[in-house]
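Nothing in this text is a laboratory measurement; each read-out follows from the coordinates by a stated rule. Note that the structure is a prediction, hence the values are computed from the model and not measured. Cβ: placed from backbone, ideal geometry, glycine included. Neighbour counts: every protein chain shown.
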Amino acid sequence: MAQSARGIGSKRLVVGAHYGLTGFLGQRITSVVLTLWVLLLGSSVFFGPLTYETWAALFAPLWMKVLSLVALFSLLYHAWIGVRNIWMDYVTPVWARLSLQTITVLWLIACGVWSVQILWRV
Amino acid sequence: MTTFTATKRPRPQFRNLNFPLLLTYRLPLAGWVSIMHRISGAMLFLALPLLLWMLDLSLISELSFERLRGIASGFLVKLVLLFLIWGFFHHLIAGVRYLLLDLHIGIDLKSSRASAMAVYAVSLPLTLIAALRLFGAI
């Protein structure tokens, strides 16, 4: 198991799922949100010509911005669980796993901040 | 109340799978769906900045929209996009299958094999349609 080698709290799990059910449910709920958002985007793009006007108009209303941001944040949480599982399956040294997990989280937060700017610039 | 302390036994580890075996073992179809779900998910995660950048370009202005259209008209770019589209469709369709399995729908061997087949039967034609659309055939 992924535990620090010695010292205070040496039995404590440093990296891992911690609360498996939260992640499991979170990943599934966010997947439903993402599917619905993709269907919404896909259907509005598919029926009708795709020009800048129609595309930008789709993202113009506040509700669409909020919906898209919720979807993108769902994507980030979904990706976090998935990528974390990959690290947990293949990377065993605690230091390596913790570093990769840290990079993943920071990276995803950065993407989240960026998506706010992308959506609210329209 | 009695306290019970379990003696800590080493957990059994079964490392009977090595690299040469990985190459010769034949995965069942559901196994392929599973590993490709993971690979496509990792791929989409890595492509996230590219996708966000494309979303950004598509939304900033008419000028950047046309710039993106220009970039996406390159053959190699189209190939990369098609690869991502395949990954997306596989991940989406396989994901729906997992949601159904989580709801205990189709968990017997026969129907799970059929649904694994269905993942390919849906995601590959969708990718083909996207390819034809992307390369201007339809």
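Assorted remarks:
- Signed unit charges on C-beta, dipole axis of chain B, positive-most listed residue B:Gln13, B:Leu50, B:Leu134: B:Gln13
- Overall form of the protein assembly as shown per C-alpha gyration tensor (a/c, 1.5; a/b vs b/c): prolate
- Over the range B:28-134, relative contact order from alpha-carbon pairs under 8 Å, at least 6 apart, %: 37
- A quarter of the convex hull surface defined by the alpha-carbon atoms of chain B gives 15.9 nm² as the mean projection.
- Mean separation of Cα contacts under 8 Å (6+ apart) over length of the range A:20-120, as relative contact order %: 37
- The range A:54-122 and the range B:49-91: distance between their alpha carbon centers, rounded to Å: 18
- The range A:83-97 - phi-based ³J(HN,Hα) in whole Hz, Karplus 6.51/-1.76/1.60, Gly and Pro as x: 5, 4, 4, 5, 4, 5, 7, 10, 10, 9, x, 4, 4, 5, 5
- Straight-line reach from A:Lys65: taking Cα to Cα under 19 Å and skipping same-chain neighbours fewer than 8 places apart, no lysines fall in range.
- Once the C-beta distance of B:Phe19 and A:Gln117 is scaled by a Förster radius of 51 Å, the resulting FRET efficiency is 0.70 to the nearest 0.05.
- Kyte-Doolittle mean at least 0.5 and Cα axial length at least 24 Å: DSSP H helices in chain B: B:29-60, B:75-102, B:109-134
- As a proxy for reagent exposure, ranking A:Trp120, A:Trp107 by other Cβ atoms within 10 Å from fewest up yields A:Trp120, A:Trp107.
- Likely footprinting exposure, A:Thr104, A:Thr92, fewest C-beta neighbours within 10 Å first: A:Thr92, A:Thr104
- Over the residues of chain B, the helix contribution to mean residue ellipticity at 222 nm works out to -25500 deg cm²/dmol, using -39500 (n - 2.57) for each DSSP H run of at least 4.
- Sorted by Cβ density within 10 Å, fewest first, the residues B:Lys78, A:Lys11: A:Lys11, B:Lys78
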